[in-house]
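The values are calculated or read from the model by the stated rules, or taken from the named source; none is laboratory data. No experiment lies behind these values; they were computed from the predicted model shown. Neighbour counts run over all protein chains shown; Cβ positions are idealised from the backbone, glycine included.
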Amino acid sequence: MKVIRNYLYNAGYQVLLMFAPLITTPYISRVLGAHENGINTYTNGWVTFFYLMGQMGITLYGNREVAYHRDDKYHRSRTFWGIEALQLCTITIALIAYLAAVFLFSTTFRTYYLIQTLWIIATGLDVSWYFMGMEDFKKTVVRNTIVKIVSIVLIFTLVKNKGDLGKYVFLLGIAQVGGNITLWPYLKESIQWVSPKEWHPFQHFYPSLLLFIPTITTQIYLVVNKLMLGKIGQPTALGQFDFSDKIVKLVLAIVTATGTVMLPHVANKFASGDYKGVRESLYKSFDFVTSMSVPMMFGLMAISAKFAPWFLGKGYEQAGGIIFFEAPVILFIAWSNVTGTQYLMPVNRVKEFTASVSVGAVVNIVANFFLIPAYSANGAAMATVISELCVTAVQLYCVRTTIRRRMLFSGLWRYLLSGLIMYVVVLRLDQMMAMNIVNLAFQVAVGIVVYAACLVIFRAPIISQAKELLGKGAKE
């Protein structure tokens with residue numbers, strides 16, 4: 001039950017990270033407009049590369065290493081101080097490089113680039129990887145909830161017109177800094193002071209660098225479509241795509257929250273030699289994310305046409321099509337999250353994980369090159385789906401010798417058929433009803449009932465898992 005609680009905490013945390021900007025989206029999309037939001041997306045896309053270079057693979061590496069030493073306070077404390085010292089060094093170098101690039105090459109959006117510096121500072125202060133490695137997600141969720149709520153209130157209070165784009169960019173960045181700072185007081189309860197002589201931060205450099213390669217490569221095909229769309233297309237199209245992508249990623253966050261929870265869980269089992277437990281966790285997790293991602297994908301596709309202009313406002317009619325085309329990534333990323341983040345990473349098969357995301361990055365760039373000129377923002381969405389499908393395919397090939405792939409997909413047809421039936425019902429309701437909050441809630445409720453009923457009728461594996469978990473919960 002601990003894993004389930006951690007999943008719920010982390011699902012809440014991941015949704016919070018995405019929900020904070022999304023709850024302000026209907027307001028911001030109208031006040032700032034697609035052009036100004038496109039500027040924010042474009043400048044933030046560039047700062048993302050720099051703070052990821054500074055962070056290297058520390059988030060994944062730190063998570064895994066803390067999980068390996070979870071039961072030894074001295075060793076995990078030494079590990080924490082060493083990794084954090086390394087993170088501060090690399091972030092400082094990244095900050096200097098970013099500022100040099102801004103002053104040497106940027107003229108048009110220099111003010112916004114400078115405000116985006118807050119994201120690099122926030123990354124240097126980030127210790128969430130420690131609590132994730134300890135499988136302690138409650139603290140992260142509670143503290144960040146408070147910070148995000150405050151930032152949302154400030155956005156509604158201070159951002160009033162297109163001239164307030166700078167304030168908006170600042171508030172997003174300072175919220176990230178504040179959220180990371182608030183986690184530090186909790187470290188006192190969990191770690192002890194270790195002499196700097198014993199930190200040996202640079203012993204973590206090479207293994208962290210190995211994880212940096214798939215991390216930065218993943219970000220390439222997550223961010224490059226926005227950068228290419230900003231260069232090849234127009235800021236307005238980029239604004240349309242950015243909001244659509246945020247909506248899809250909000251839904252996706254609920255599913256991929258299992259990855260952060262299961263990584264330290266599986267890593268701890270692997271470190272103790274419980275290889276059978278590792279495989280069993282993988283099978284159950286894959287079935288769970290499939291059962292969750294299929295209805296989310298079909299549900300979002302069914303309501304996208306009316307939902308986007310209702311939620312974002314006039315001028316965002318194209319966003320509905322973008323959401324429709326991008327929705328399949330919910331399923332593909334859910335799968336690769338299991339095979340990659342929950343299996344290849346914790347068992348230290350980093351090279352295979354790197355190969356898969358490298359293929360995705362190359363495919364994404366090539367697909368964007370052909371699809372964006374032809375289909376603009378819709379083309380960027382299609383390129384995203386194609387690249388994520390390739391990542392998943394490569395990872396499934398990599399695990400073929402250690403994982404029974406038939407076991408992974410044994411219940412897939414049941415979920416797809418249930419989801420398709422739900423899609424038809426919800427789409428019909430959406431066509432008959434005007435879009436408002438009451439009708440949206442009704443459509444979601446009907447979709448849940450139809451999908452759940454189909455799962456019972458088709459005897460989907462997730463039903464047995466649910467009964468087993470409820471039985472354990474009752475005993476506890």
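Scanning the stretch 300-334 for residues that are of a type in the set (Asp, Glu) and within 23 Å of residue 421 (Cβ to Cβ) gives a single hit, 326.
Any idea how many residues of the stretch 130-162 are of a type outside the set (A, V, I, L, M) and at pLDDT 80 or above? Within the stretch 130-162, residues that are of a type outside the set (A, V, I, L, M) and at pLDDT 80 or above number 8. When the helices (runs of 4 or more DSSP H) confined to the stretch 112-199 are screened for residues that are touching a strand residue (DSSP E or B) at 6+ places or on another chain (Cβ under 9 Å), assigned by TED's automatic domain parsing to the domain that holds residue 23 and not hydrophobic (A, V, I, L, M, F, W, C), none reaches at least 2 such residues.
Would a scan of the stretch 183-198 turn up a residue that is touching a Pro at 6+ places or on another chain (Cβ under 9 Å), among the acidic types (Asp, Glu) and modelled with pLDDT under 85?
First, the residues of the stretch 183-198 that are touching a Pro at 6+ places or on another chain (Cβ under 9 Å): none.
No, the stretch 183-198 contains no residue that is touching a Pro at 6+ places or on another chain (Cβ under 9 Å), among the acidic types (Asp, Glu) and modelled with pLDDT under 85.
Taking helices (runs of 4 or more DSSP H) as the structural unit, those lying wholly within the stretch 288-399 and holding at least 1 residues that are among the basic types (Lys, Arg) and either out of contact with any His (no Cβ under 9 Å at 6 or more places or on another chain) or touching a residue at least 12 places away in the same chain (Cβ under 8 Å) (or both) correspond to 350-375. Tell me yes or no: at least one residue of the stretch 403-416 is of a type outside the set (S, T, N, Q), more than 24 Å from the chain's Cα centre (by Cα), surrounded by 13 or more Cβ atoms within 10 Å (Cβ to Cβ) and under 25 Å from residue 249 (Cα atoms). Looking through the stretch 403-416, at least one residue is of a type outside the set (S, T, N, Q), more than 24 Å from the chain's Cα centre (by Cα), surrounded by 13 or more Cβ atoms within 10 Å (Cβ to Cβ) and under 25 Å from residue 249 (Cα atoms). Annotation: residue 108 fulfils all but one of (1) modelled with pLDDT of 75 or more; (2) surrounded by fewer than 22 Cβ atoms within 10 Å (Cβ to Cβ); (3) not in a loop (DSSP other than H, G, I, E, B); the unmet one is (3).
Specify which of the listed residues (338, 363, 425) is of a type in the set (Val, Ile, Thr) and not assigned by TED's automatic domain parsing to the domain that holds residue 209. Steps first, answer last, please.
Working: 338 fails: not assigned by TED's automatic domain parsing to the domain that holds residue 209; 363 fails: not assigned by TED's automatic domain parsing to the domain that holds residue 209.
When all the criteria are applied, what remains is 425.
Selection over the stretch 367-420 of residues that are within 15 Å of residue 237 (Cα to Cα) and of a type in the set (S, T, N, Q) gives a count of 3.
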